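The values are calculated or read from the model by the stated rules, or taken from the named source; none is laboratory data. Nothing here was measured: the structure is a model prediction, and the numbers come from that model. Note that we place each Cβ from the backbone using ideal geometry, even for glycine, and neighbour counts take in every protein chain shown.
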Amino acid sequence: MADALAKKGPHWRAMTSNDLAAVDAIAARVHPDYPEDSAVFAERLRLHPEGCRVLATAAVTGYVISHPWHSGPPPALNVLIGAIPVPAATYYIHDLAVLPDSRNSGAAGKIVTALAGHARALGLPSMSLVAVNGSAPFWNRQGFALMAVADERKLMSYGTDACLMRRDLD
Ligand SMILES: CC(C)(COP(=O)(O)OP(=O)(O)OC[C@H]1O[C@@H](n2cnc3c(N)ncnc32)[C@H](O)[C@@H]1OP(=O)(O)O)[C@@H](O)C(=O)NCCC(=O)NCCS
């Protein structure tokens with residue numbers, strides 16, 4: 001089974017609670033400056049499983065966590081949100097991470113396109129995120145633009161290089 005999956009190459013599949021340990025390990029490696037408790041990932045998976053996927057062959061090498069959100073500030077880093085807001089105003093990408101050896105295959109771009117379809121199906125007019133790790137150029141290529149933030153302190157839990165980005169959906 002593992003061999004068959006490896007031959008198929010990395011693909012995005014639904015995340016399950018069995019994947020959370022792997023997601024934690026990838027987050028610790030890729031985002032050492034933005035630590036989040038396992039409970040945060042587990043909560044997002046429980047609240048919006050449709051927005052949580054893993055990049056996998058035999059092993060998990062990437063993940064995305066995303067969910068509808070309101071028009072106010074993005075969720076602070078490492079904070080439980082309690083519930084998905086109703087009504088929602090945007091589709092929020094909480095995190096997208098791929099391990100270095102699995103990068104540059106187009107996988108991240110593919111899942112962003114899939115999430116855009118999911119957000120449209122939910123009737124949401126935009127996607128948004130907080131770009132960290134100097135990833136703004138990647139997001140720019142995915143159709144996201146920098147947004148002005150009325151109160152910069154709102155993003156401070158993400159560090160000083162964080163920037164809010166949005167992509168309007170047609
Ligand atoms: C950003 C990330 C998810 C992209 O994953 P990926 O699977 O390599 O992305 P893709 O293969 O779809 O796209 C790769 C392209 O994006 C570019 N790219 C990726 N990260 C970039 C960055 N930080 N700055 C500029 N360009 C970047 C690559 O150079 C490549 O360009 P090319 O197609 O011209 O060769 C991955 O680099 C990553 O996990 N980074 C660390 C975690 C992170 O910062 N996530 C974003 C948090 S907001």
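Here are the numbers for this structure:
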| read-out | value |
| --- | --- |
| Residues (touching a Leu at 6+ places or on another chain (Cβ under 7 Å), part of a loop (DSSP other than H, G, I, E, B) and away from the ligand (no atom under 15 Å from the Cβ)) located in the range 27-59 | Ala58 |
| Residue under evaluation Val149, criteria (1) touching a Pro at 6+ places or on another chain (Cβ under 9 Å); (2) not in a loop (DSSP other than H, G, I, E, B), criterion not met | (2) |
| Any hit, the range 72-89, residues being out of contact with any Lys or Arg (no Cβ under 7 Å at 6 or more places or on another chain), closer than 23 Å to His11 by Cβ and not acidic (Asp, Glu) | no |
| Failed criterion for Gly82 (all others in (1) modelled with pLDDT of 95 or more; (2) at negative phi hold) | (2) |
| Scope the range 68-89; condition within 15 Å of the ligand (Cβ to nearest atom), surrounded by 14 or more Cβ atoms within 10 Å (Cβ to Cβ) and of a type outside the set (A, V, I, L, M, F, W, C); matching residues | Pro74, Pro75 |
| Single residue of the range 104-128 satisfying the filter (surrounded by 20 or more Cβ atoms within 10 Å (Cβ to Cβ) and either more than 16 Å from the ligand (Cβ to nearest atom) or at pLDDT below 95 (or both)) that is farthest from His48 (Cα to Cα) | Leu124 |
| In the range 96-112, the residues that are outside any helix (DSSP H, G or I), small (Gly, Ala, Ser) and touching a residue at least 60 places away in the same chain (Cβ under 8 Å) | Ala97, Ser105 |
| Breaking point among (1) part of a helix (DSSP H, G or I); (2) under 13 Å from the mean Cα position of the chain (by Cα); (3) farther than 21 Å from Ser157 by Cα; (4) of a type in the set (Gly, Ala, Ser), for Gly62 | (1) |
| Inter-residue pairs, beta-carbon under 8 Å, first on the phi > 0 side of the Ramachandran plot and in the range 144-170, second modelled with pLDDT of 80 or more and not aromatic (Phe, Trp, Tyr), 6+ apart | Gly159/Asp33; Gly159/Val132 |
